[in-house]
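Read the structure below first, then the notes.
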Amino acid sequence: MRKFIPKSCEVEVLFLNRHTCCICHDKGKDVQIHHIDGDNSNNDISNLSILCLDCHSRVTGTRGLGKSYSSLELKLYKKEWENIIKKEHGFHYIQKTKRVPKIERQLFVYEAKALIYRMLSAKDSNKTFFETGFENLWQLAILEGIQTEIIEHLGFAFALSAISEVNKPVALAKSLPKFFGYLGNPIGVPLRKSDERDILEAIDTLEFVHDLSVEENKSYRILSAIKNALSDFIVIAINYHNYRLYLKARRVLYELFKSSTTKYDKHDKRLPKLAKELDGLKKDIRKELKRENLSWKI
Ligand SMILES: [Zn+2]
């Protein structure tokens, strides 16, 4: 049975896409909301894309010999279009601009971007370079208050490396929770909205790396690094009693579990090991939930 998309999700995704089709970007056309994974009950924002009627029928219709759009392709279109809009409108950055003067801030963002590109163009075997690179990025993020921009930029640029490389996406997955290392010990203090938003973006990135990796190399090392990062974010969600973060991380964890138990043609022999590790993680999460007296489903 078709479930209706909650109004708030509908409004948010329409707003994020400026009511415009993410494939053809034609402003002013009538649009529809499309479930990327084909599951009409999965109304997570990351699963909803905005398509005009023409593009929608090309996505869902059978077109003779023409190749149709894959869900991964749609995710790329969505991500790219939402990034373009964020850049055009800058509504993501409004909150933090007060702390650092605008010009100075832009210089730091520029420096971070330059570093990200240097890391992206380095050889994948250059592990230590990525380690020091990420350390520099944390410093820039925390000291100069440009965390949001770095997380966002890292995500899209770096996640794509999961198509053909291993060390880069692994370093990315390892580093993402470290950007939130200061969220240690809350006692009745709610998570700041900006932190929640940045973590949601980080989990989005992990999901993206997962999808690309599963599509291409099915690397145990990448999927395992994603698992560890998700586990860190779940701990934050539980400590802060933040259900929204918890739900999002749990959903990606579930996808990871599916990937680790599916047989692939280019099968990484260590994937069954990952399935076991995920079982262990589930137990740990159950304990954490109990410790915090939360009755959330795992
Ligand atoms: Zn269109």
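The values are calculated or read from the model by the stated rules, or taken from the named source; none is laboratory data. Keep in mind the model is a prediction, meaning the values are calculated, not measured. When we count neighbours, we look across all protein chains shown, and the Cβ atoms used for this are built from the backbone with ideal geometry, even at glycine. Side chains included, ligands, DNA and RNA excluded: accessible areas come from the protein's heavy atoms. Shrake-Rupley method; radii C 1.70, N 1.55, O 1.52, S 1.80 Å.
Quick notes on this structure:
- Of the DSSP H helices in the chain, those whose Cα atoms cover at least 18 Å axially and whose Kyte score averages 1.0 or more: 220-239
- Net charge over other residues, Cβ less than 13 angstrom from the Cβ of N126 (K, R count +1; D, E count -1): +1
- Among G145, G133, G61, the largest mean-square fluctuation in a Gaussian network model of the chain, built with springs joining Cα atoms closer than 10 Å, belongs to G61.
- With 25 Å as the limit, the listed pairs K75/K113; K227/K283; K27/K248; K263/K287 have K27/K248; K263/K287 beyond it between alpha carbons.
- The longest part of the chain holding none of the exposed loop trypsin sites (Lys or Arg not before Pro), meaning those outside H, G, I, E and B in DSSP with at most 12 other Cβ atoms within 10 Å, is 193-262.
- The range 186-240: GluC sites (Glu not before Pro) in DSSP loop, at most 15 other beta carbons within 10 Å: E216
- For the chain, the residue among N217, F129, L160 whose Cα projects farthest onto the positive side of the dipole built from Cβ charges is N217.
- Averaging the Cα positions of each part gives two centres, and for the range 19-72 and the range 196-224 these lie 22 Å apart.
- For the chain, calculated [θ]222 nm from helices alone, where every DSSP H run of n ≥ 4 adds -39500 (n - 2.57): -20000 deg cm²/dmol
- Loop chymotrypsin sites (Phe, Trp or Tyr not before Pro), the range 175-232, which have at most 15 other Cβ atoms in a 10 Å radius of their Cβ (DSSP): Y182
- Of the residues W138, W81, the one with the largest accessible area comes first in the ranking W138, W81, computed with a 1.4 Å probe on protein heavy atoms.
- Assigned charges on the beta-carbon of Lys, Arg, Asp, Glu; the range 1-91 dipole about Cα centre (debye): 100 debye
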